[in-house]
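To start, the structure under review is shown below, and the notes come after it.
The values are calculated or read from the model by the stated rules, or taken from the named source; none is laboratory data. These numbers come from a predicted model, not from an experiment. Cβ atoms come from the backbone with ideal geometry, glycine included; neighbour counts cover every protein chain shown.
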Amino acid sequence: MFTFTLTLDPALRIPMYEQLYTAIAGAIRGGALLHGEKLPSKRALCDQLGVSRATVETAYELLTAEGYVESRPRSGFYVSDYQLLPAWEGQPAEIAAGSSPVCSVTQNSPANAGLTDRGVPSPQQPAESPFSTSAVDVSAFPYTSWAKLYKEVVYNSPELLQRGEPRGEPALRQALSRLLSAYRGVRCTPEQIVVGAGIETLLEQLITLFGPDTVYGVEDPGYPAIRRSLESRGRSIRFVPLDGAGMDVEALAASGASVAYLTPSHQFPLGVTMPATRRSRLLRWAAEGERWIIEDDYDSEFRYGVRPIPSMQGMDRADRVIYVGTFSRSLAPAIRLAYMVLPPALLARWQRTFGRQQPTVSRYEQTVMARFLEEGYYGRYIRRVGNLYAHRRQTLLRELEKAPGLGVSGADGGIHFLLTCSKRTESELVSRAAAAGIGLRGLSEFCRDALPMPSTLVLGFGGLSTEQIPALIQALAQAWEIAPET
């Protein structure tokens, strides 16, 4: 058993559990802790380090969530069986994680026949759905603070009427650099950041940079807008299956793709959080073949129980990851402000191609957002709305537990999850709910070649109010003819 020779410093601003987590994760990545090696028990580590049990438990929970260690019943915690060797060291790829498949690959399967575009709601689905995956809670938006900042910027900054920098306002890129470093572990300078009017705008730029012959690997099931953007430009797409740890690396390697588009923080729609082992293997795939990974940090702001997992970009030492994010999910859909962090080689290419264009986001809006970040408004808002989503999620899960035969997965983060009802087919679940006036989307809508889990729906809860949840679940239970437990 490994003995820790470290000292935690309570005087630091970094929480004690995070210091412990960082030390153990670093020991694993550096090879001081080998796969299969047993960690000290919680009690033994508390005694050894002189810290509370809560500190050790939180650190161990985080390490387990990220895939660094695994918990074995009645035995303890062990270093994951898959070595976390950095992708840039050129070591052989580790054996794929033995996680249970979430979707299996079936070409032209009957379940998928006739589905021409799974990004389009079923005809019987109402236009507005309380369980929409694109809805967010705008009731908590800090209108007063945003309006105050906007007024000050408009009246005090007439120079913003002039042409701005194509990459975005320096103040905003500086604020984003600090935010991403502190909260997502992204390693970048403000010069590497490009601001754009939405993820789709930035993706269009990346598609141009990569050229017409590039082959893209996308998640299957996955986010339909990404596929539509690629198809509209006539690009070659390979649909790569997922398992319980995210994108299948062997399938990606066999696909011939040179660019992979991933949502590792909270995969859409499965809700899978990619563990560190799988991230390491994908980074190696990119580094060894001079390929690229587009890391869409979808829903990373909202985690329930543990802190957000650091970005893949922060693990990358070969500069093969393009990190992209947006404020449309965390703030409001109407705020079309997104950003990407370009590796140096791509940044130089971007400058040659787009360095003379006009910025795609208003300089006023960029400056307001810069102040919103720097003056602490954004952090306070995320904490407030995160608490709202956590309470809403808990209420929704509690009500679902009352109905027999329902199962939930992918609910550890974000503002959507999967709901499975074994007593009905997916088609029955959707059509019966629609007859009751409740629009729902089946998992098959987001699949291309993958055969989805049967009887599974994708439920968003960002636009729900807590008060309407009990009545909605009762209505669904009646529509599906499953009696809620009292």
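Output yes when any residue across region 362-372 is in the same structural domain as Ala171 (by TED's automatic domain parsing), of a type outside the set (A, V, I, L, M) and in a loop (DSSP other than H, G, I, E, B), and no when none is. Yes. Suppose the filter is within 27 Å of Gln358 (Cα to Cα) and out of contact with any Leu (no Cβ under 9 Å at 6 or more places or on another chain); does Arg281 pass it? For Arg281, the condition - within 27 Å of Gln358 (Cα to Cα) and out of contact with any Leu (no Cβ under 9 Å at 6 or more places or on another chain) - is not met.
So which residues in region 315-366 are in contact with a helix residue (DSSP H, G or I) (Cβ under 7 Å, 6 or more places away or on another chain) and of a type in the set (Gly, Ala, Ser)? Result: Ala318, Ser330, Ala338. For first residues located in region 191-215 and closer than 23 Å to Ala175 by Cα, partners that are polar (S, T, N, Q) and lie 6+ apart or on another chain with Cβ distances below 6 Å form the pairs Gly196/Thr360; Ala197/Thr360; Ile199/Thr326; Glu200/Ser229; Thr201/Thr360; Leu203/Ser229. Taking the condition within 19 Å of Asp137 (Cα to Cα), within 27 Å of the chain's Cα centre (by Cα), assigned to a loop (DSSP other than H, G, I, E, B) and of a type in the set (Gly, Ala, Ser), does Ala411 pass? Answer is yes for this residue. Selection of first residues in region 159-185 that are assigned by TED's automatic domain parsing to the domain that holds Val341 and in contact (Cβ under 8 Å) with a residue 60 or more places away in the chain and of second residues that are surrounded by fewer than 17 Cβ atoms within 10 Å (Cβ to Cβ) and in a loop (DSSP other than H, G, I, E, B), restricted to Cβ pairs under 6 Å at least 6 apart or on distinct chains, gives the following pairs, ordered by first then second residue: Pro166/Gly355; Pro166/Gln357.
Yes or no: Ala11 modelled with pLDDT of 55 or more, more than 30 Å from Ser427 (Cβ to Cβ) and outside the structural domain of Met315 (by TED's automatic domain parsing)? Step through it out loud before you land on a result.
Values: modelled with pLDDT of 55 or more: yes; more than 30 Å from Ser427 (Cβ to Cβ): yes; outside the structural domain of Met315 (by TED's automatic domain parsing): yes.
Against the criterion (modelled with pLDDT of 55 or more, more than 30 Å from Ser427 (Cβ to Cβ) and outside the structural domain of Met315 (by TED's automatic domain parsing)), Ala11 qualifies.
Here is a check on your reading of the model: is Ala147 without any contact (Cβ under 8 Å) to a residue 24 or more places away in the chain and more than 26 Å from the chain's Cα centre (by Cα)? Yes, satisfied. Among the residues making up region 54-80, those that are small (Gly, Ala, Ser), loosely packed, with under 14 Cβ neighbours inside 10 Å and not in a helix (DSSP H, G or I) are Ser71, Ser75. For region 394-422, filtering for residues that are farther than 28 Å from Asp297 by Cβ and either in the same structural domain as Asp220 (by TED's automatic domain parsing) or exposed (fewer than 15 other Cβ atoms within 10 Å of the Cβ) (or both) leaves 5.
Among what's in region 22-53 and is β-branched (Val, Ile, Thr) and assigned to a helix (DSSP H, G or I), pick the residue that is surrounded by the most Cβ atoms within 10 Å (Cβ to Cβ). Show your work before the answer.
Taking region 22-53 and keeping what is β-branched (Val, Ile, Thr), we get 22, 24, 28, 51.
Filter once more, so that each one left must be assigned to a helix (DSSP H, G or I): 22, 24, 28.
Values: Thr22: 14, Ile24: 25, Ile28: 22.
The qualifying residue surrounded by the most Cβ atoms within 10 Å (Cβ to Cβ) is Ile24.
Scanning region 236-266 for residues that are under 20 Å from Val324 (Cα atoms), in contact with a helix residue (DSSP H, G or I) (Cβ under 7 Å, 6 or more places away or on another chain) and of a type outside the set (A, V, I, L, M) turns up Gly246, Tyr261, Pro264. Within region 426-472, restricting attention to residues that are of a type in the set (A, V, I, L, M, F, W, C) and part of a loop (DSSP other than H, G, I, E, B), the residue that is farthest from the chain's Cα centre (by Cα) is Ala436.
Give me a count of the residues in region 18-34 that are within 27 Å of the chain's Cα centre (by Cα) and modelled with pLDDT of 80 or more. Please lay out each step first, then the result.
Here is the first cut: in region 18-34, the ones within 27 Å of the chain's Cα centre (by Cα) are 18-30.
Cutting the leftovers down to modelled with pLDDT of 80 or more gives us 19-25, 27-28.
Residues meeting the conditions: 9.
Take Leu84 and tell me if it is modelled with pLDDT under 80 and either on the phi < 0 side of the Ramachandran plot or assigned to a helix (DSSP H, G or I) (or both). Here the answer is yes, as Leu84 does meet what is asked.
For region 274-288, indicate whether the set of residues that are surrounded by fewer than 23 Cβ atoms within 10 Å (Cβ to Cβ) and over 24 Å from Ile28 (Cα atoms) is non-empty. No: zero hits.
Let's see how each residue does on (1) crowded, with 16+ Cβ neighbours inside 10 Å; (2) modelled with pLDDT under 90:
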site	(1), (2)
Ala147	no, no
Glu152	no, no
Pro158	no, no
Ala175	yes, no
Ala182	no, yes
Ile199	yes, no
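The number of residues in region 456-470 that are farther than 16 Å from Ile415 by Cβ and surrounded by fewer than 21 Cβ atoms within 10 Å (Cβ to Cβ) comes to 2. Would you confirm, using the coordinates I've provided, whether Thr353 is of a type in the set (S, T, N, Q), surrounded by 20 or more Cβ atoms within 10 Å (Cβ to Cβ) and not in a strand (DSSP E or B)? Spelling it out, it is not the case that Thr353 is of a type in the set (S, T, N, Q), surrounded by 20 or more Cβ atoms within 10 Å (Cβ to Cβ) and not in a strand (DSSP E or B).
From the list Gly407, Gly376, Gly413, the one residue that fits, being touching a Ser or Thr at 6+ places or on another chain (Cβ under 9 Å) and without any contact (Cβ under 8 Å) to a residue 40 or more places away in the chain, is Gly407. When each of Ile322, Ile309, Ile293 is tested for being touching a strand residue (DSSP E or B) at 6+ places or on another chain (Cβ under 7 Å), buried (at least 22 other Cβ atoms within 10 Å of the Cβ), in the same structural domain as Gln205 (by TED's automatic domain parsing) and under 30 Å from Val138 (Cα atoms), the lone residue that passes is Ile322.
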